[in-house]
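Read the structure below first, then the notes.
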Amino acid sequence: MCQVEKGRQPSKTGSWLLAPLVSSSVLLAPMAWAEESAGEQAPPSSITLPEQTIVGMQTEAPTVSVGTKVPLRLKEVPQTINVIGQERIQKQNLYTLEDALGKVGGVTVQRIDASRLSFFARGFEITSLQLDGTPTTMDNRIFLSPDLTMYDRVEVLKGPAGSLTGAGGPGGSINLVRKRPMADPAVSAEISAGSWDAYRGMVDVTGPLTETGNIRGRLVLSENKTAFPYDGSGKRETSQAYGIVDIDLTPDTVWTIGASNQNTDIRGAQRSLPAFRYTNSAGEAAMSLPDVSRKNFYGANWNRDYFWSASVFTELEHQLGGGWKTKLSVRHADNNYDLTQAYARNGAGIDPADNLVSMNSIMFDYREKQDEVDLYADGPFSLFGREHKLLVGTNYSRSEFSSNGGYYSSYLGDVDLYDPQANFPYPEFPDSDRLPTNVANSRTKAVYGNLRLSLAEPLTLVLGGRVTWLDMHRSQHQPEAGSPSEKSSQSESQKFTPFYGLIYQLNDTYSLYANYAEVFNPQPVSNLDINNNIIEPIEGKQHELGIKGEFLDGAVNASVAAFQIEEENRAIPDMNDPSSRAVVAGGKARTRGYELEVSGQMTPDWFLTANFTHTYKRYDSPNEQLQTYLPKNMLRVWTLYKLPGEFEKWSVQGGVSVVSETYNKLNVPSIDMNGTKLQQSGYALYDAGIGYQINENLSADLLGTNLANKKYYQRINTFQDGNIFGDPRAVSFTLRAKF
């Protein structure tokens with residue numbers, strides 16, 4: 001299924017032009033960033049139009065649709081975009097979105113707890129998610145990393161994407177492109193086994209459902225089971241089913257219907273660890289991360305996270321003629337998340353004098369319903385003797401989130417940091433500890449457009465914009481009789497989010513670009529002022545300059561970008577009432593940085609992606625915690641080489657992720673902690689693998705991750721809790737079949 005196919009032979013001239021760029025990228029790895037590391041970025045592997053799936057690395061110029069909705073080549077988009085294609089997903093066993101984004105250059109993946117995640121780019125959280133270009137919500141309270149079985153590729157746009165996706169932060173936007181039915185019958189399957197009793201199976205069947213081929217279908221099923229790399233009987237089980245059918249109503253009209261379901265059951269999951277807090281020899285407050293065995297389990301045997309999500313969708317696409325088309329997309333999803341956990345949290349941090357960790361418990365169940373409707377038309381038109389392109393559309397989305405009560409139980413007891421126990425009895429969760437029931441609803445309507453004006457042969461002006469109408473409502477009530485409800489709301493009318501881009505085609509290889517984009521991002525409903533009203537939305541802007549190169553007929557893409565992002569109205573504590581949890585919209589932040597990348601098929605048998613990102617973030621608000629847990633420098637390199645001659649059935653791969661020092665700088669005046677750092681040094685993670693093409697239909701791959709078994713914290717939070725170890729070394733063996 002993952003056979004690496006040979007592409008066109010590169011010209012000697014193209015190879016010569018590319019050599020300095022490739023060499024400089026590779027030479028970055030062993031240099032000054034050796035004390036940094038993390039993941040990596042995507043080659044334009046199986047990148048193609050949605051109705052195609054290519055087995056083997058991509059040899060044509062890749063197209064992307066994130067931020068544009070219509071397929072464009074990378075150098076036609078005046079923004080930074082990274083892609084993880086199907087070949088990369090398979091070769092590196094990138095089974096979940098967490099796995100894939102951990103390989104994208106410049107992206108930081110952080111676990112909130114055993115199940116939930118946050119993604120960051122350019123110093124800010126990525127809060128925008130698209131499915132085949134249609135915006136949807138990504139609320140990390142209930143968002144678990146989706147299994148990638150049903151997706152062909154992952155596209156990541158860096159920086160604001162508000163002109164097409166609407167509300168969202170400046171970090172960027174993720175687009176998941178679904179697998180589509182194929183015109184020819186095909187069956188693929190895989191089974192794998194690995195460290196920590198990890199087992200996975202997948203089958204993917206596609207082809208025509210009628211003799212004429214006017215109806216085509218695809219069914220994908222997967223099952224994944226794995227234990228955890230710490231003591232106890234904890235395990236994670238995930239199953240996914242996905243089906244999709246394309247129906248040719250006329251030669252110009254295709255109707256698509258589909259559905260998916262994912263269930264994830266996690267038993268014995270560990271949440272996180274507190275840190276040490278103490279007074280150093282100089283009499284100053286200090287913090288440090290615990291250096292304990294990763295096999296230690298800080299939880300209870302009855303810990304359980306259970307997530308299930310079901311969605312149905314339909315699309316209608318019609319070719320209008322003259323290169324114009326229109327597309328309607330409709331989707332409904334139900335997301336559910338139940339959690340019962342014993343977890344470690346020390347309000348004052350761990351005291352080195354006794355090394356005791358306080359265990360607490362929590363129970364809640366979250367529910368979310370999502371509805372999205374998107375309609376757009378796009379096509380070319382002529383004006384002043386030149387051809388231009390226009391896209392206009394409208395969409396509507398609705399999200400209903402509810403926390404159906406929950407419980408913080410009483411204190412469970414202490415455990416020894418170096419010898420924890422997990423035999424806590426199941427708590428009673430008394431009514432006196434019941435949390436309020438919360439309901440948060442949002443409605444968004446918008447019209448948007450994107451105009452590509454060909455001003456001259458080498459110059460293209462891109463004008464984008466979105467007008468948004470937003471309503472958010474929140475209510476909270478305590479279950480006890482007579483308890484009053486708290487309500488708050490926020491509305492925005494005709495909020496305009498612009499995007500301006502300019503592309504100058506230097507020659508057939510290189511293009512210069514610049515962009516300006518604005519940010520509009522409503523605050524979480526938990527960010528309330530002293531009167532329990534949701535504070536003003538976050539706003540900001542980005543300036544970006546860059547150059548892109550396309551080599552070897554599009555088989556290789558390279559880019560250099562410099563950016564600055566400014567954000568304001570960040571939530572900071574209300575100093576008029578420091579004893580409450582009230583916040584005000586007064587925080588400001590700014591990031592500056594640059595990113596370099598080369599990615600693609602360097603020769604018929606050699607594939608490389610290399611990315612280096614530097615990001616510097618500054619806060620301008622004295623009351624804001626200086627959360628600098630995102631690295632300034634990040635290097636990610638991955639390469640695959642198919643051996644020549646009599647070893648042509650063999651392939652080898654390797655990768656490195658390097659990140660610089662990370663830390664969280666805390667300002668807590670009440671305990672004399674002003675600018676105290678909780679930090680860890682930079683680190684590097686190494687992966688390697690070997691593949692063998694047994695015959696035309698069967699291949700085998702052996703992959704090792706974190707080969708040096710580096711011990712590191714994947715997330716740094718505070719001295720109280722939220723510090724989470726990264727995964728230790730793992731090895732997996734996979735058999736893939738294609739018929």
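The values are calculated or read from the model by the stated rules, or taken from the named source; none is laboratory data. Source: prediction; values computed, not measured. In this analysis, Cβ positions are derived from the backbone assuming ideal geometry, glycine residues included, and neighbour counts consider all displayed protein chains.
Here's the yes/no breakdown for (1) of a type in the set (K, R); (2) assigned to a loop (DSSP other than H, G, I, E, B); (3) at pLDDT below 95:
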| position | (1), (2), (3) |
| --- | --- |
| Q270 | no, yes, yes |
| M287 | no, no, yes |
| V330 | no, no, no |
| A348 | no, yes, yes |
| V357 | no, no, no |
| D365 | no, no, yes |
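Mind listing just one residue for me: the one in segment 181-201 that is assigned to a loop (DSSP other than H, G, I, E, B) and on the phi < 0 side of the Ramachandran plot and, of those, surrounded by the most Cβ atoms within 10 Å (Cβ to Cβ)?
Going through the qualifying residues, I end up with P181.
Collect the residues in segment 560-603 that are part of a loop (DSSP other than H, G, I, E, B) and surrounded by fewer than 18 Cβ atoms within 10 Å (Cβ to Cβ), keeping them in residue-number order.
Hits for segment 560-603 are M575, N576, D577, P578, S579, S580, R581.
I'd like to know if segment 156-170 contains one or more residues that are aliphatic (A, V, I, L, M), under 30 Å from N404 (Cα atoms) and assigned to a helix (DSSP H, G or I).
no
Any idea which residue in segment 232-258 is modelled with the lowest pLDDT, counting only those that are surrounded by fewer than 19 Cβ atoms within 10 Å (Cβ to Cβ) and under 20 Å from A193 (Cα atoms)?
S233
Take the residues of segment 680-709 that are touching a residue at least 40 places away in the same chain (Cβ under 8 Å) and under 30 Å from K665 (Cα atoms): which is surrounded by the fewest Cβ atoms within 10 Å (Cβ to Cβ)?
Filtering segment 680-709 for residues that are touching a residue at least 40 places away in the same chain (Cβ under 8 Å) and under 30 Å from K665 (Cα atoms), the one surrounded by the fewest Cβ atoms within 10 Å (Cβ to Cβ) comes out as S681.
Here is a check on your reading of the model: is D334 of a type in the set (D, E, K, R), assigned to a strand (DSSP E or B) and more than 26 Å from G675 (Cβ to Cβ)?
yes
Sort out which residues of segment 207-247 are of a type outside the set (G, A, S), within 30 Å of I266 (Cβ to Cβ) and outside any strand (DSSP E or B), and write them in order of number.
F228, P229, Y230, D231
Using the structure shown, decide if S491 is buried (at least 18 other Cβ atoms within 10 Å of the Cβ), farther than 30 Å from F297 by Cα, among the polar types (S, T, N, Q) and more than 26 Å from the chain's Cα centre (by Cα).
Judged against the criteria, S491 is not a match.
Six or more apart or on different chains, Cβ atoms under 8 Å: show the pairs whose first residue is in segment 351-377 and closer than 18 Å to Q270 by Cβ and whose second is β-branched (V, I, T) and surrounded by 16 or more Cβ atoms within 10 Å (Cβ to Cβ).
Hits for this filter: L356/I350; L356/V415; V357/I350; V357/V415; M359/V415; S361/T340; I362/T340; M363/T340.
I need every pair where a residue in segment 715-726 that is in contact (Cβ under 8 Å) with a residue 40 or more places away in the chain and more than 15 Å from A348 (Cβ to Cβ) has its Cβ under 6 Å from the Cβ of a residue that is in a strand (DSSP E or B) and basic (K, R), sequence separation at least 6 or different chains.
So the pair list comes out as R715/R111; I724/R111; I724/R715.
For the structure I just gave you, tell me whether P135 is in a strand (DSSP E or B), closer than 25 Å to Q370 by Cα and of a type outside the set (A, V, I, L, M).
When the stated conditions are applied, P135 passes them.
Within segment 504-516, identify whether any single residue is at pLDDT below 85 and either more than 25 Å from the chain's Cα centre (by Cα) or charged (D, E, K, R) (or both), and answer yes or no.
No - not one qualifying residue is present in segment 504-516.
Do we have any residue at all in segment 66-85 that's within 19 Å of T662 (Cα to Cα), in contact with a strand residue (DSSP E or B) (Cβ under 8 Å, 6 or more places away or on another chain), assigned to a loop (DSSP other than H, G, I, E, B) and among the charged types (D, E, K, R)?
Checked against the condition, which is being within 19 Å of T662 (Cα to Cα), in contact with a strand residue (DSSP E or B) (Cβ under 8 Å, 6 or more places away or on another chain), assigned to a loop (DSSP other than H, G, I, E, B) and among the charged types (D, E, K, R), segment 66-85 yields no hits at all.
Suppose the filter is touching a Lys or Arg at 6+ places or on another chain (Cβ under 7 Å) and in contact (Cβ under 8 Å) with a residue 12 or more places away in the chain; does S145 pass it?
Here the answer is no, as S145 does not meet what is asked.
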